[in-house]
Amino acid sequence: MITAAVTPERRKLRLQAALRTSAIPLAAIAAGGAWLRLRGLAGAPPNEYYDAAVRSMGLSWHNFFFGAYEPGGSVAIDKPPVDLWLQVASVKLFGFGTRSLILPQALASVAAIPLLYDLVRRVFGRVPGLVAAAALAVLPISVLTARSDTMDSLAMALGVLAAWLVVRAATTGRVRHLVLAGAVCGLAFEVKLFEGLLVVPALALLYWLAAPLPRGRRARDLGLAATALTVLAIAWPAAVSLAPTHSRPYPLGSSSGSVWDTVFVYNGLHRITGERAATPLVPAKPGSSSSSQGGTGSEAPGPLRLFDHVGAPLGTRVGIELVAALLLGGLALAARVWTRDGPPEVRRLRRALAASVVVWIAYSTLLYCAVSVLQVRYLEVMSPAVAIALGIGIGGLARVVDVGAAARAAAAVALVGIAAYAVLVEKTSAAPVAAVLTLAAAAVVLASNARRLPEGARHMAVVGAVALTALGALAVPARKSVTTARSHASAAGKQGSMSPRVARRLSSYLRPRTRGVHWEFATATYNRPAPIIVRDVRPVLVLTGVARQPIVPVSRLRREAERGRVRYALVGGGCGTAPLSAIGTCPSTVRWIRSHAVDVTHAAGFRSSGEIFRLEPNRPARRA
């Protein structure tokens, strides 16, 4: 048997052929991402605020369309219900439970992984595409958010789809792909409002720089895409506004009952300024959570907010990959390693995507470092940009070594910086492993251009440096994501609702006493009784909205009580326990309840008081 000599050229051809077959590694990456997002979903903490809406929306087409928060359809959630429509469909198919509520988000996040790979592959090649897909698959913020019954993962997946369509539009010259991308961005707005639009400036820049068309044609195409975005974005709010006033639920977050106020003021301007944040009726107890719809900030605003390793661990959730993306991606761009070969249209597309990713990361980071209220799940919409930049940077190492000694030294310094940051932010065994792998990659990069190395050995050294860097940069994120999946963690947030024990006790007390009564109870806070809504699926009279904004006037509450349509009210906190003379700052409906009701909290089985009141509207008002 004669065996042909394996020359360096033959080894190189074999390696290139193996890299061209990316289906197996991509399938493994997607499977790993799916495991992280789908494992133990039934044990993930739910967001009762949105779950109550899903429960209510499944009762009627009216509730379904308007996004009703409670079964009576009197109030609606503070966002368009597009994402919740998918959750309603899921619970109809699989039954109401945490797993079916989270499943649409988890599947959307999984689908984004191969889609992001194909996006990067079309521009930079298979290796950067695989690295970008792996970076997104194990990015802790993405895994944590995908395991939540909130809208952010779907908004992120729609952003990746829109970016993929823009790349198609730039390479094919077909405007329909760009218009479809605009429509997808409009749908993302309907899912998570302005958070879903954070990708738009980057995509507009991508098309403007990449499309080989005259300026007038590019401007016209972008105008058509903007039109499609606008039409889709305002479709649901416009339809709600056209509905008869008496049939429209009051949108939570609005100060006037207008859905436009909820969309553009409460979920727009006030999300940045922090004004009109959801205010609890009473101060929170020390050590307890007073978060409400909109959430609480994870850390104080500041330029290093996303890299901080003290307090809320944003450094391990997003900072570790962001640092690697900035250092390695910045090095690849500075060395212009992706613009040295290929036809002009390919080089132009690469420059365009790189520039759009830089802009995407820059303005997202500035916004999230400055915004007053930041939930960790809000960062999900920038995760594709981080993954793309990391894929570009690690893939570019194979070409950095050919630029010169200065570029190799800069790459080694960047790798040392990644290792140092990993040790700083992570205190588990993953940190030293990541440091060793990254430092080994730095050593290989420095030695990769030694003249004494044969061509085949040098080529394998470069491949080894890329592999070591990818493993080192993703070791800490992967460890964090595995811990997230095993601990059934979630980014849903409790939204200030009551504990399951309290909800069970109140439900057991109210159900037999409110049979045949229209409203199970009136509530002084909109978000706190969400677990009871999920449990009992009964109409609830919500008296106030965000920041104690009145929804129901005292006159209506009095009429409902006199007609026997509501017999009990939930108050709680200081407004429920303080003397009548000391509740002047409480909402007027709460003051009326305290003057025309009897505290039955002890009868309901609680040691404290001021939680639940039985209304007695026909008795003389109590005086302070």
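Scanning region 383-400 for residues that are buried (at least 24 other Cβ atoms within 10 Å of the Cβ) and either more than 13 Å from residue 141 (Cα to Cα) or in contact with a Phe, Trp or Tyr (Cβ under 7 Å, 6 or more places away or on another chain) (or both) yields 385, 388, 389, 390, 391, 392, 393, 394, 395, 396, 397, 400. Among the residues of region 85-105, which ones are without any contact (Cβ under 8 Å) to a residue 60 or more places away in the chain, assigned to a helix (DSSP H, G or I) and not β-branched (Val, Ile, Thr)? Across region 85-105, the qualifying residues are 85, 89, 90, 92, 93, 94, 99, 100, 101, 104, 105.
When region 43-92 is limited to residues that are closer than 28 Å to residue 185 by Cβ and among the hydroxyl-bearing types (Ser, Thr, Tyr), the one that is surrounded by the most Cβ atoms within 10 Å (Cβ to Cβ) turns out to be 69.
Whether any residue in region 545-562 is of a type in the set (Lys, Arg) and free of Cβ contacts under 8 Å to residues at least 24 places away in the same chain is what I want to check.
First pass over region 545-562, keeping only residues of a type in the set (Lys, Arg): 548, 556, 558-559.
Right, trim to free of Cβ contacts under 8 Å to residues at least 24 places away in the same chain and you get 556, 559.
Within region 545-562, one or more residues are of a type in the set (Lys, Arg) and free of Cβ contacts under 8 Å to residues at least 24 places away in the same chain.
Here residue 506 meets each of (1) free of Cβ contacts under 8 Å to residues at least 60 places away in the same chain; (2) surrounded by 24 or more Cβ atoms within 10 Å (Cβ to Cβ) with one exception, condition (1). Residues in region 115-141 that are assigned to a helix (DSSP H, G or I), out of contact with any Leu (no Cβ under 6 Å at 6 or more places or on another chain) and either of a type outside the set (A, V, I, L, M, F, W, C) or outside the structural domain of residue 320 (by TED's automatic domain parsing) (or both): 118, 121, 122, 128, 129, 140. Apart from one condition, residue 409 fits all of (1) in a helix (DSSP H, G or I); (2) without any contact (Cβ under 8 Å) to a residue 40 or more places away in the chain; (3) closer than 27 Å to residue 167 by Cα; (4) out of contact with any Pro (no Cβ under 9 Å at 6 or more places or on another chain); the exception is (3). Go through (1) in a helix (DSSP H, G or I); (2) touching a residue at least 24 places away in the same chain (Cβ under 8 Å); (3) under 18 Å from residue 546 (Cβ atoms) and name the single condition residue 191 misses. With respect to (1) in a helix (DSSP H, G or I); (2) touching a residue at least 24 places away in the same chain (Cβ under 8 Å); (3) under 18 Å from residue 546 (Cβ atoms), residue 191 is out only on (3). The residue that is modelled with the highest pLDDT, counting only those in region 299-329 that are closer than 19 Å to residue 427 by Cβ, of a type in the set (Gly, Ala, Ser) and touching a helix residue (DSSP H, G or I) at 6+ places or on another chain (Cβ under 9 Å), is 324. Within the set 347, 399, the sole residue that is free of Cβ contacts under 8 Å to residues at least 60 places away in the same chain, assigned by TED's automatic domain parsing to the domain that holds residue 209 and out of contact with any His (no Cβ under 7 Å at 6 or more places or on another chain) turns out to be 347. Taken over region 380-431, the residue count meeting the criterion of being at positive phi and acidic (Asp, Glu) is 0.
In summary, residue 371 fulfils each of the numbered conditions (1) over 24 Å from residue 477 (Cβ atoms); (2) in contact with a helix residue (DSSP H, G or I) (Cβ under 9 Å, 6 or more places away or on another chain) with the single exception of condition (1). Where helices (runs of 4 or more DSSP H) fall entirely within region 17-82, those with at least 1 residues that are out of contact with any strand residue (DSSP E or B) (no Cβ under 6 Å at 6 or more places or on another chain) and of a type in the set (S, T, N, Q) are at 61-66. Per the listing 148, 153, the residue uniquely part of a loop (DSSP other than H, G, I, E, B) and surrounded by 24 or more Cβ atoms within 10 Å (Cβ to Cβ) is 148. Cβ separations smaller than 7 Å between residues 6+ apart or across chains give no pair from region 303-330 residues that are outside the structural domain of residue 138 (by TED's automatic domain parsing) to residues that are modelled with pLDDT of 85 or more and in a helix (DSSP H, G or I).
Screening the candidates 355, 332 for the property of being more than 19 Å from the chain's Cα centre (by Cα), at pLDDT below 90 and either surrounded by 17 or more Cβ atoms within 10 Å (Cβ to Cβ) or among the polar types (S, T, N, Q) (or both) yields one hit, 332.
The values are calculated or read from the model by the stated rules, or taken from the named source; none is laboratory data. Worth saying up front: this structure is predicted, and the values here are computed from it rather than measured. Here Cβ is always computed from backbone atoms with ideal geometry, including for glycine, and neighbour counts include all displayed protein chains.
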